[in-house]
Amino acid sequence: MGKREVLVIGGGTAGWIAAAYLARFFEGRVGVTLLESPEIGIIGVGEGAFPTIRNTLKFLGIDESHFIRAASATFKQGIRFDDWLHAPAADGTRHSYLHPFEAPFHAEASGLVPYWLLQDAGTRAPFAEAVTIQNRVAAAQRAPKRPGEGDYAGPLNYAYHFDAARLAEVIAARAVELGVRHLKGRLTHVELAKDGSIAAIATDAHGALAADLYVDCSGFRAELIGKALGVPFRSVRHQLFTDRALACKIPYDRPDAPIASFTIAAAHPAGWTWDIGLQGARGIGCVWSSAHMSDAEAADQLRAYVGHDAYEARIIPFEPGYRPTQWVKNCVAVGLSGGFLEPLESTGVVLIEAAVAMIAELFPLGGPADAPAARFNRLMSARYANIINFLKLHYCLSRRGEAFWRDNADPASIPAALQELLDQWRWRPPSRFDFLLDLESFAFFNYQYILYGMEYRTDLSASRGDFPNMAAAEKMFARIRSFGERATADLPSHRALIREINQGLSLAG
């Protein structure tokens, strides 16, 4: 039996991560080819990632400083949610909370969370501020690390904001170094075998291309999994309502303007607006539900957020949902062709990373190419379902009065599995035992940050006696405050670190 061949259809973030990862993983034991259409651009809806991206880039052997310079990247320490709990009040009062990437400090087996819950709700510090130093560091626009602390390492957990097109270019260059054969051309036809598998891909520039496994990274077009194989798509718009985005880039008003080291997600009457700090500009996008807001109203919303209309914006329609079957015969979908939920929490890149890692681990070097398909489909479907629960958690706890938010709080729109957990979390905080690691993209503490950021009430009063170390916990809360102040003083400003990296300073020192 000869060497197995993988053919990736489509460039962009999904295609290039898939090709580079498989080439790196198999180290020449499997041939990897990527076919990219020169006419099709990169959607790049969200220009952000989750901390898992650091492991991916490190595995691919990409120098962190080079990546930051080449992809116009900045550091991301979490997401700040503005106005999600309630709309701004007439007196200007607004609600805001941070979902940091750093896990809460642990004082004992039960952690600090029960002790925070047992404090006076009217006087205690906000949850993320109380249990981690990252809240204070990010709010002060400091970086999560210092120069010289090494590639992909630092005292605080972090991800990146980046230019999606430039990210793809960085990974493409590395993929070619790793042995990926890069072909430019247009897919013209998909030839199917008698058993329904893909026999070959017809192209305008390279004739027929055949492989053992075809990876569909053709985006929303889903050329292989959707058009050729007809695999059904499951909409989840009855649970996640947003289905349109209007995106633009806004230059900073001055070269030394501070760069936020978190994504801002600002709620509006029918969705939310992202605000991402890149090196030379802010990426801003209005996300909304077309059932609750017109395109014209969304354009007004974006204009009001930016403060002027001197920009070009492009509209990106999407259907929230996924294909429950993403690996069929010798074809597997990765990225938008497999599904897309919405830009919140950077789940698009997270799902690409999860899919590609599973393909690499499960792909057989001998025997049927579709042998792992059933397992892959079970794991990916469960992961999508759990991400839907996590995203819905952000919406369903809102007390805003607009129709979009009222509909999100309607129990009929809340997945049964999430409602079951919410019922339990009234009496205990989210636990690691609520989640199976291989089916999850987010840890239990990510749920805690959202739940308690949205002022969900977990009543531990009946078990107060089980937590006798309140004095020690109070000391730990004070130490976290002190550590946060010290870290804010010690860490460079985010803008300063990015400037140093771009002037050629290696993070590795």
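For first residues located in region 84-99 and more than 20 Å from residue 135 (Cα to Cα), partners that are among the polar types (S, T, N, Q) and surrounded by 19 or more Cβ atoms within 10 Å (Cβ to Cβ) and lie 6+ apart or on another chain with Cβ distances below 9 Å form the pairs 86/398.
Being among the small types (Gly, Ala, Ser), surrounded by 15 or more Cβ atoms within 10 Å (Cβ to Cβ) and either assigned to a loop (DSSP other than H, G, I, E, B) or in contact with a strand residue (DSSP E or B) (Cβ under 7 Å, 6 or more places away or on another chain) (or both) is not true of residue 165. Here 334, 328 are screened, and the one residue that is out of contact with any Leu (no Cβ under 7 Å at 6 or more places or on another chain), at pLDDT 95 or above and among the β-branched types (Val, Ile, Thr) is 334.
Please go through region 112-150 and pick out each residue that is hydroxyl-bearing (Ser, Thr, Tyr) and within 23 Å of residue 461 (Cβ to Cβ). If the condition is that a residue be hydroxyl-bearing (Ser, Thr, Tyr) and within 23 Å of residue 461 (Cβ to Cβ), then 115, 123 are the ones that fit.
Given the structure, is residue 337 touching an Asp or Glu at 6+ places or on another chain (Cβ under 6 Å) and not aromatic (Phe, Trp, Tyr)? Taking the combined requirement at face value, the residue satisfies it.
Against the list (1) over 29 Å from the mean Cα position of the chain (by Cα); (2) surrounded by 14 or more Cβ atoms within 10 Å (Cβ to Cβ); (3) not β-branched (Val, Ile, Thr), the condition residue 459 fails is (2). Number of residues in region 308-345 that are open to solvent by 40 Å² or more (accessible area, probe 1.4 Å) and among the basic types (Lys, Arg) equals 2. All conditions in (1) assigned to a loop (DSSP other than H, G, I, E, B); (2) closer than 22 Å to residue 394 by Cβ hold for residue 80, with the sole exception of (1). Look at (1) among the aliphatic types (A, V, I, L, M); (2) within 28 Å of residue 217 (Cα to Cα); (3) crowded, with 19+ Cβ neighbours inside 10 Å and you find that residue 293 fails only one, number (2).
Does region 114-127 contain at least one residue that is surrounded by fewer than 18 Cβ atoms within 10 Å (Cβ to Cβ) and acidic (Asp, Glu)? Yes; the residues of region 114-127 include at least one that is surrounded by fewer than 18 Cβ atoms within 10 Å (Cβ to Cβ) and acidic (Asp, Glu). The residues in region 168-199 that are outside any loop (DSSP other than H, G, I, E, B) and either within 29 Å of residue 262 (Cβ to Cβ) or not hydroxyl-bearing (Ser, Thr, Tyr) (or both) can be counted, and the count is 21.
Please verify whether residue 298 is surrounded by 21 or more Cβ atoms within 10 Å (Cβ to Cβ), assigned to a helix (DSSP H, G or I) and not β-branched (Val, Ile, Thr), treating the condition exactly as stated. Yes: the conditions hold for residue 298. On the basis of being surrounded by fewer than 17 Cβ atoms within 10 Å (Cβ to Cβ) and hydrophobic (A, V, I, L, M, F, W, C), does residue 260 make the cut? No; evaluated as a whole, the condition is false for this residue.
Taking region 442-456 as the range and being part of a loop (DSSP other than H, G, I, E, B) and either surrounded by 20 or more Cβ atoms within 10 Å (Cβ to Cβ) or not small (Gly, Ala, Ser) (or both) as the test, the residues that pass are 442, 454, 455, 456.
Across region 71-97, the number of residues qualifying as open to solvent by 30 Å² or more (accessible area, probe 1.4 Å) and either of a type in the set (Phe, Trp, Tyr) or over 18 Å from residue 266 (Cβ atoms) (or both) comes to 2.
Listed by first and then second residue, the pairs linking a residue in region 151-179 that is without any contact (Cβ under 8 Å) to a residue 40 or more places away in the chain to a residue that is basic (Lys, Arg), with Cβ atoms under 9 Å apart and 6 or more places separating them unless they lie on different chains, are 153/54; 153/145; 154/145; 154/146. For region 346-367, a residue qualifies if it is surrounded by 22 or more Cβ atoms within 10 Å (Cβ to Cβ) and either over 13 Å from residue 335 (Cα atoms) or of a type in the set (S, T, N, Q) (or both), and the qualifying residues are 346, 347.
Taking the condition of being assigned to a loop (DSSP other than H, G, I, E, B) and not acidic (Asp, Glu), how many residues in region 1-41 meet it? Selection size over region 1-41: 11.
Quick grid of which residues meet (1) closer than 22 Å to residue 322 by Cβ; (2) more than 17 Å from the chain's Cα centre (by Cα); (3) in a helix (DSSP H, G or I):
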site: 391; (1), (2), (3): yes, no, yes
site: 408; (1), (2), (3): yes, yes, yes
site: 412; (1), (2), (3): yes, yes, yes
site: 423; (1), (2), (3): no, yes, yes
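The values are calculated or read from the model by the stated rules, or taken from the named source; none is laboratory data. None of these values were measured; they are calculated from a predicted model. Because the Cβ atoms are built from the backbone with ideal geometry, glycine has one as well, and the counts that use them run over all protein chains shown. Note: areas computed on protein heavy atoms with side chains; ligands, DNA, RNA excluded. Shrake-Rupley method; radii C 1.70, N 1.55, O 1.52, S 1.80 Å.
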